Each structure stands twice: as C-alpha cells, then as structure tokens.
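Here is the structure we will look at.
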Amino acid sequence: MKVLVANRGEIAVRIMRACREMGVPSVGVYSPSDRLAPHVRYADEAIGLGADRPAESYLAIGKLIDAARRTGADSVHPGYGFLAENAEFAAACRAAGLRFVGPSADVIELMGGKTASRAAAQAAGVPVVPGTDGPLAADLPDDEVHGMAASIGYPVFVKAVAGGGGKGMRLVQEPDALLGAVRAARSEAGTAFGNPAVYLERYVAVARHIEVQLLGDEHGNVVPFVERECSIQRRHQKVIEETPSVAVDTDTRRALGEAAANLARGVGYANAGTVEFLLDDSGRFYFLEMNTRLQVEHPITEMVTGVDLVRWQLRIARGERLALDAERMLTPRGHAIECRVYAEDPEAGFVPCPGRITTLRTPDGPGIRDDSGVAAGYEVPLFYDSMLSKLVAWGENRSEAIDRMARALTEYEIGGVRTTIPLFRWMLRHPDFLAGRFDTGYLDRTLAGRPPTPLQAPPAEAEEVALLVAAIHAVTRAASGRPAAAAGAPQSSWRQAARAAGLRR
Ligand code: MV4
C-alpha cells in the first residue's frame, strides 16, 4: 500500500502519521503557497500541484490522479473538505485503479441527496423529521405547497435537496411567508449547488446536534461509536465538540448507535462515516444527514474509545474485516473535548487572519493532544480554510477534561496571527458551558450578549521578554548613535521586534 493524501494542513499530517505507524509510504501534494507546510515536510515524498487556487490544486481531480500515478501510489485518502464527499472523485480514483479510502461513489452520491438520504433513513427504520417524501416538484401548484406545509405543521424549514451544512435553508413561521421562502431557497440552491430542488421539514426547536461516528467494512460489518455533541457552533461552523454528550443517557446512546448502524447497513456503507441527528428537549432524536467522510472532530472519539479511526480506514480500504468490540465502542472511557483553533479574529467578526506564524508554543502534558498543521515560520495562506489546529483534552470525566483544556489553553502561544484561543479561554469559564446547558443556538446568542471586554490576553511572558530585549536594543542603539539594524530608526526596529514577537499593532 502507498497512500496519496489529497489534502493539506492538520488532516494531511494526521493521515500521514497513521501511514507511518503502519509502515505505509505517504505522498503529499501541495500548492505553491504550501511548499514549506508541515504536511509537505511530513510526507515521505511530495508533489507540487502548480497553482494556489483550490480549483487548480486540491480540487483538481486530474492533477491528483496524475500525482498518484507518477509516484506509484495505489490508494488515495481525501481527508475532509475538498474532494472528500465528491462521488466523481471517488469514481475517478477507482477507474484509475486506485483505492479510494472512503465509501463507494454510489453511496457518496446517494447520501449527498438530502431527500434520498432521508428516504434511506426511513427505509432503515431511523426516525426522520416529519416532512415531504421527496423534492417539491418545480411545477407544483401554490395551493398544494401550502397543503403540504400545513400537514407538516409550522414552523417549517425549506431545505435544499443538494444542501447540507446550513446552506440554502429558509425557516418559515407562517403560511404567508411560505411561497416567498420556497422561491428564495430554490434560487439560492440553484446558484450554490447547481440544483434548485427543495423540500420541506417540520422545524425542531431547541435542539442539540448529536452525531454518531461509525465504521463499516467491505464484508457488511458496521460498528457505531459513542455519540459526539456538536451543538456549539457559530453560523454552522463547529467550534467546540465533546464526547459523550451530557444530554444522552445509556439507553439513548444505544438507540442512536443502532439507528446509525441500521442506516449504514441498509446502504452497504464501507469505511468511516457519521450520521447527524437533532436531539430535542424531550430526548427524541431525528436523522438530519450523513457525512460520508472522516470528520474534523474524529479525535475526540479516538480519545474515549482508544481506536485509531484513520488506521482503520486504511485497513478497511485494503479489504480487512472490522475487529472491534462493539460493546466497548459504545461505552466511553472518560470524556474528551476539542477546540478548533482558527487564524481568525474573534474581536472583529471572525475575519480570517492569514499571515506568518512568528512564534509557536503548543500545549502538552496529561491528557492533551494537539493535531496541528502549522509550525513557527509558516505563513498561513489566504486561499484555504484558516483552521490551524485542533486542541483536544481528555479527562476521567467532563470536569477534568474541561480543567485540562483550560490549562492547555493557557500554555498555547501563537504569535503573528490572531486566533480563536482567547475566545476559548473565555468560553471555558462560561457558566452555561460548564453546566452543559446549550443547544445549537447557544454560541450565536452568547456571543451577541458578550460584554465588550477585550478577549486578547496581555502578551505572554515570552513575548514580553522579546519586546523588552528589542526595546533595550533599540534604545542603546539610538543612544550610541549607531543606526538600527535594517531600517535605520529605533522606532522601526521596535516595530519589527513587536512583529517578530507576534504583536502586530
Ligand atoms: C434543522 C433544524 C431544525 N429542524 N432541521 C442546520 C444545518 C443542517 N445540517 C441542518 N440544520 C438544521 N436543520 C429541522 N427540521 C435545525 C438546524 C440547525 C442546526 C443543526 C445542526 C447544528 C447547528 C444548527 C444551527 C441552526 C440550525
């Protein structure tokens, strides 16, 4: 086996680590601005893709398959994002004689259609939210649209068939707004996905987003894992995930696992996948969608089960049988939390902050794992997602995991770019988070009501020392009448030093 990793950043490194442990050579790919990225250095060999724009690099199916051919790779791992849920890519890999480390193109295609995946869930006996049986016909008379919405019950959600992840959705509170919302959703879906089809679902209020990781092999075996709680999101971007969920008891856990596994078995699912559910405040759960890939937050599942999900993905891809204790996979050992560290400024509407990482000190110690795709000196490109790393904390219980995460966040120092770390330091002390009192609307509400105290911590010790040294340097230079290093004036070397120390203002 030799694996081309068709991705970048932390997930590319994560996959290559599993490869190395298995004695499997890895091939990295990179755009010009990623030439010196950690995933390129980690790979056993690496191939340039020649352009920065995603469409011409990490999304360029022809270039990736060509890179696999040229390096003699026999397998392709897509990671997440980019081409991970692209049926055409999976089919192209297989057509080129390459193993695609993921489910079949047919299953990716099936689950990508939200009404088809709903139907598959229903066929497998998995509860779905009341809604239309399929897409609304384009020429459906207005009164029939009204009739459908009325029989589902308001409020209703208009959702794009090709959607997912929050795009192309419209919430409708009352009949007067229905037709306008359907029109708007169709138009948005047509533009965003090239498919204007929409369907209707009853709106589930005050819900948590719970998901079930599973593995399936090519021999029909499926094993579900303990749930992940993913309700802490900002505009459909997950921010903090944890496992297990405080809202799920052992009976519900078992029922969720069974539901997810039944769906996977029903569609002949092989490799890693995740079934998303809404959990309402009465403890009922409903199928939402299935993600046919490895997910960003997979490490928390690894921490509480001891299973290496990526290693299993590779074993499954080469035809091995699952050999996991199903009972144990549904029994969490302790608690794990993940914070997604982004190069974004939480003080300025979360604008991405690409730039050079000048200094980097990563947390360590008991129960801490940092899956990172960056290093000191690396310039975070503006072309791609700005996630830098995933900080994961494990503890015997939720409170110990939170304490460890809070402790690790005090150790984490990233200079040169603004990050979401200060936001996490604040969130991990928030009473509702500590009490486990939240739903999918929690973070947006909480951020809107946050008092206007700055999140940015005072400069960390190392940075203060660097600044002090730079200041002494500049002053003594000025006093001796010698010109300061490159730029000439004491003030500019002060600025340079401040920049080097990660303080950009
Ligand atoms: C819903 C819902 C309530 N009722 N469907 C948002 C993303 C997409 N995956 C589905 N989403 C939702 N679908 C019904 N019938 C609420 C959401 C939702 C949500 C779901 C998961 C995580 C965060 C969310 C934030 C807002 C709304």
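The values are calculated or read from the model by the stated rules, or taken from the named source; none is laboratory data. Worth saying up front: this structure is predicted, and the values here are computed from it rather than measured. With ideal geometry, Cβ positions are generated from the backbone for all residues, glycine too; neighbour counts draw on all protein chains shown. The protein model used for the area step is the full one, side chains on, heavy atoms only, and it has no ligands, DNA or RNA in it. Shrake-Rupley method; radii C 1.70, N 1.55, O 1.52, S 1.80 Å.
The table below gives the values:
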read-out	value
³J(HN,Hα), Karplus 6.51/-1.76/1.60, whole Hz, each residue of the stretch 129-142, x for Gly, Pro	5, x, x, 6, 6, x, x, 6, 4, 4, 9, 4, x, 3
Helix axis angle, 490-500 relative to the chain longest principal axis, alpha carbon, degrees	40 degrees
The stretch 202-357: C-alpha gyration tensor shape, a/c 1.5 cut-off, then a/b vs b/c	oblate
Mean residue ellipticity (222 nm) of the chain, computed from DSSP H runs ≥ 4 via -39,500 (n - 2.57), nearest 500	-11000 deg cm²/dmol
FRET efficiency, 1/(1 + (r/R0)^6) with R0 60 Å, evaluated for residue 41 and residue 146 via beta carbons	0.50
Pairwise centroid distance, computed over Cα atoms, of the stretch 90-167 with the stretch 11-40, Å	34 Å
Percent of C-alpha pairs per 5 Å bin, the stretch 3-101, short to long	3, 15, 29, 28, 19, 6, 1
Cleavage-rule hits (GluC sites (Glu not before Pro)) in the stretch 291-397: DSSP loop, at most 14 neighbouring Cβ within 10 angstrom	320, 396
Sorted largest first, extent of the chain alpha carbons per principal axis (Å)	85, 55, 47
Virtual spin-label span in nm between residue 375 and residue 61, 7 Å along Cα→Cβ	3.4 nm
Cα-based equivalent ellipsoid, the stretch 295-395: semi-axes from gyration tensor eigenvalues, Å	31, 17, 12
Calculated FRET value between residue 437 and residue 236, using beta carbons and R₀ = 25 Å, to 0.05	0.75
Carbon/sulfur fraction of accessible area - the chain, other protein chains in place, 1.4 Å, %	51 percent
Lys pairs, the chain - Cα-Cα below 28 angstrom, 8 or more residues apart or on other chains	10
Amide H contacts under 5 Å for residue 388, placed H, 5+ residues apart	341, 342, 343
Label point distance in nm, residue 195-residue 123, each placed 7 Å from Cα along Cα→Cβ	1.6 nm
Per-pair calculated FRET efficiency, R0 = 22 Å: residue 258 and residue 206 via Cβ, rounded to 0.05	0.35
Separation in nanometres of the label points that stand 7 Å from Cα toward Cβ, at residue 250 and residue 22	3.4 nm
The stretch 290-338, accessible area per residue, ligands and nucleic acids excluded (1.4 Å, Å²)	33 Å²
In degrees, nearest ten, helix 9-21 long axis to first principal axis of the chain (Cα)	80 degrees
Convex hull per residue volume in Å³, alpha carbons only, for the stretch 130-202	73 Å³
Integer Hz, Karplus 6.51/-1.76/1.60 couplings in order for the stretch 208-223, x for Gly and Pro	9, 9, 10, 9, 10, 6, 9, 10, x, 10, 7, 10, x, 8, 9, 10
Helix 114-123 axis, angle to the chain major axis (alpha carbon atoms, nearest 10°)	50 degrees
